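Shown next, in structure tokens, is the structure this report addresses.
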Amino acid sequence: MTTTKQLTQVEFHGDTLWATEIDGVIYVAVKVICDRLGIAWQKQLERIKRDIILAEGVTMMGVPSPGGVQETTLLRLDLVNGWLFGIEEGRVKDDETRNRVLIYKRECYRVLFEHFFGATAATRHPHDTNTLPAPHDAFLRGEPWAVSWMNSAVQVSSRIERMSGRAAAADYLRACGVPFLDRAPSAPRRSIDPSLDGPACLRRLLDAACRGSDLTVRGGLLDLFDGALAEHHPEIHQVLAASGVKTYRQDEELGVAIANRHPFLSNIFRDTPWAFDHARALMRLPGARRIGPLSFLRHSSRATFLSVGVIEDQPSEVPFLATA
């Protein structure tokens, strides 16, 4: 259903952000942010809709214009940082644009929050237990809006950690004003033969830099899956293939093919439990299949197929929230 309301203008470092309140919830227009950052709006919209958590916070609003009512896509305020942190500034070649992406990640949520709710302790250091952020206080009181806000922050931080690591998730929580502990309490784990630990093997691969590039395997695959930086896709496909990895469609399912034998992968897994047979560990992951042989530039090998979901949803510890 499309609501018709007026958007509120919020000044932000020379830019104009547009937001509105619907039934007590703040929503932000995201296309104007994409336009200002020079990123393709349609690709970002597809990424938002494909992400289960972000898609929950999307609504449409009719905005009066000289040409009639125009539909505008809005994203719930508490999810805006989660979307912004999915934009990899390291892939932006223009220094000015890269700096602006960082400014949006650091300050956009805080500026919008303060505009609608006033300056609060949310701008203070998250570890200052004497002045906990106002939303956190409301969460402890069980106020529904704050419970929803906190749940969203936790879910989004988990997704960010899977895609970009623990430091990026911590930055996101700080930007949202969520207090957390730097380390989660350790939990007992069932003993497992390291050479058969598929998730750990896959994380090792995803976090490795591609051959001849600063781009990680994870970053390259997510750029391709999300449709971001489309003009760089041919280059990304090439550096991934040179690293023994390629996107592949198996029985109408999009996923990733990882070479079972490849000199670059041998280098990645050197001195690890998977040095001699990483494919054996990867085959223990959900839905893994043997395929091929396939061509990886100058090398040919049988491969292990993994679905997009396995790549995106690797288990990881969520930064532990400080609730007292």
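The values are calculated or read from the model by the stated rules, or taken from the named source; none is laboratory data. The structure displayed is predicted, hence computed values, not measured ones. Here Cβ is always computed from backbone atoms with ideal geometry, including for glycine, and neighbour counts include all displayed protein chains. These area figures cover heavy atoms from the full protein model, side chains too; ligands, DNA and RNA do not enter into them. Shrake-Rupley method; radii C 1.70, N 1.55, O 1.52, S 1.80 Å.
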### Meets criteria (open to solvent by 30 Å² or more (accessible area, probe 1.4 Å) and of a type in the set (F, W, Y)) for F276
yes
#### Entry: Given (1) part of a loop (DSSP other than H, G, I, E, B); (2) in contact (Cβ under 8 Å) with a residue 60 or more places away in the chain; (3) within 26 Å of K49 (Cβ to Cβ), number of the condition L222 does not satisfy
(1)
### Task
Name every residue in region 228-249 that is of a type outside the set (A, V, I, L, M, F, W, C), open to solvent by less than 40 Å² (accessible area, probe 1.4 Å) and either within 23 Å of the chain's Cα centre (by Cα) or on the phi < 0 side of the Ramachandran plot (or both), in order of residue number.
H232, H233, S243, T247
### Message
Residues that are modelled with pLDDT of 85 or more and within 24 Å of E88 (Cα to Cα), at least 3 per element: which strands (runs of 3 or more DSSP E) completely within region 1-66 meet that?
### Response
15-22, 25-29
#### Entry: Selected residue [out of contact with any Leu (no Cβ under 7 Å at 6 or more places or on another chain), modelled with pLDDT of 90 or more and β-branched (V, I, T)] from I268, I258, I291
I291
### Query
Before we move on, is L254 in contact with a helix residue (DSSP H, G or I) (Cβ under 6 Å, 6 or more places away or on another chain), on the phi > 0 side of the Ramachandran plot and of a type outside the set (S, T, N, Q)?
no
### Summary
A279 meets each of (1) closer than 15 Å to R203 by Cα; (2) of a type in the set (A, V, I, L, M, F, W, C); (3) touching a helix residue (DSSP H, G or I) at 6+ places or on another chain (Cβ under 8 Å) with one exception, condition (3)
### Odd one out for Y248 among (1) in a helix (DSSP H, G or I); (2) under 15 Å from T304 (Cα atoms)
(1)
